[in-house]
Amino acid sequence: MPTEPRAPRLAVLIDADNASPKIAAGLFAEIAQIGEASVRRIYGDFSSPRLKSWSDILARHAVQAHQSFAYTTGKNASDIALVIDAMDLLHTGRFDGFCLVSSDSDFTALAARIREQGVDVYGFGEQKTPEAFRQACRRFIYTENLLPEAPAVDEPERPDSRPASVARSPSTAVPLLRRAIAQLDEDDGWVSLGGVGQRLSTLAPDFDPRTFGQAKLVTLVEKAGAFEVRRPAGGSVQIRLKTAR
């Protein structure tokens, strides 16, 4: 009897100083769609009252805390500890991917070094995360999309499902969608939605329909207002730019 393929083995490394504990449930739900979180570690000075909210939920998500005392102002010992552990884990050769949870651009070089080794890097951070770190990752997920009020993938959309202060208008996705379609364009202009999704992940590692207040790519395309959508019987969804009439 054939065995099911093993899920990618992932190392999840969280920078407690630059990640909110409010994302924890959504974070591990998102990571479960990528692979198995075999290692779950978080770094920070947990003697500080500022990180008490993280301390209260670590056991719930089986996260191992790595204490880094802040002996010197301006020196981030927890960042250094995270980088050292990441390199040690990388050289074991046991992991298919790393999940770096931080909005700190200081981890850009770490992400690039891991990818040089042929291992995928998935970044998780706020929308304020510098572009260099986002681009260094194979995929970058905005943590605003992991909050309880954010629309979840494959769930029905509700009028109150998006944080108005975070979601962008669907129309702002049009230029990027046009680029993806142009790179796949056939003679008649129709391209598969799945192909567009794959191209988008290459063009913009941080692309996510939830950033535009939509749970699914097809819904985003429909609401962007610049594209036609067709669903052939027995075939995959296809889209193209609207033609002038």
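Fully extended, how many nm does the chain gain between LEU147 and ALA226 (0.36 nm per residue separation, minus their Cα-Cα distance)?
That works out to 25.5 nm of additional length.
Summing Lys, Arg as +1 and Asp, Glu as -1, what charge do residues with Cβ under 15 Å from the Cβ of LEU10 carry, LEU10 excluded?
In short, +3.
Please state the relative contact order of the chain as a whole percent: Cα pairs under 8 Å, 6+ residues apart?
After rounding, I find 15 percent.
Between ALA62 and LYS22, take the C-beta separation as r, use R0 = 22 Å, and let me know the FRET efficiency to the nearest 0.05.
After rounding, the FRET efficiency stands at 0.75.
Sticking with the crude label model, points 7 Å out along Cα→Cβ, report the distance from ASP106 to SER201 in nm, one decimal please.
3.1 nm
With both partners inside the chain, how many of the DSSP beta bridges are antiparallel, as a percent to the nearest 5?
Values: 6 of 31 bridges.
Around 20 percent antiparallel, to the nearest 5.
How much length would be gained if the chain were fully extended between SER236 and LEU184, taking 0.36 nm per residue of separation minus their Cα-Cα distance, in nm to one decimal?
17.2 nm
If r is the Cβ-Cβ distance from GLN117 to LEU176 and R0 is 35 Å, what FRET efficiency results, to the nearest 0.05?
Result of the calculation: an efficiency of 0.75.
May I ask for the net charge around LEU90, where only other residues with Cβ less than 13 Å from the Cβ of LEU90 are counted and Lys, Arg are +1 while Asp, Glu are -1?
Local net charge: -1.
Given axes a ≥ b ≥ c from the Cα gyration tensor, I'd like to know whether the chain is rounded (a/c under 1.5), prolate (a/b larger than b/c) or oblate.
prolate
Hey, can you grab everything whose amide H is under 5 Å from the amide H of PHE140? Only 5+ residues off in sequence or another chain; H modelled, so Pro and N-termini drop out.
Here the answer is GLY123, ASP206, PHE207, since their amide H atoms fall under 5 Å of that of PHE140.
Hey, can you grab everything whose amide H is under 5 Å from the amide H of PHE227? Only 5+ residues off in sequence or another chain; H modelled, so Pro and N-termini drop out.
Amide H neighbours of PHE227, under 5 Å, 5+ apart: LYS242.
What ranking of SER169, SER103 emerges when the number of other C-beta atoms within 10 Å of each C-beta is taken as an exposure proxy, fewest first?
Ascending number of Cβ neighbours within 10 Å: SER169, SER103.
Every read-out reported here was derived from the displayed coordinates using simple, explicitly stated rules and does not represent laboratory data. Remember, it's a predicted structure, so these values are computed and weren't measured experimentally. In this analysis, Cβ positions are derived from the backbone assuming ideal geometry, glycine residues included, and neighbour counts consider all displayed protein chains.
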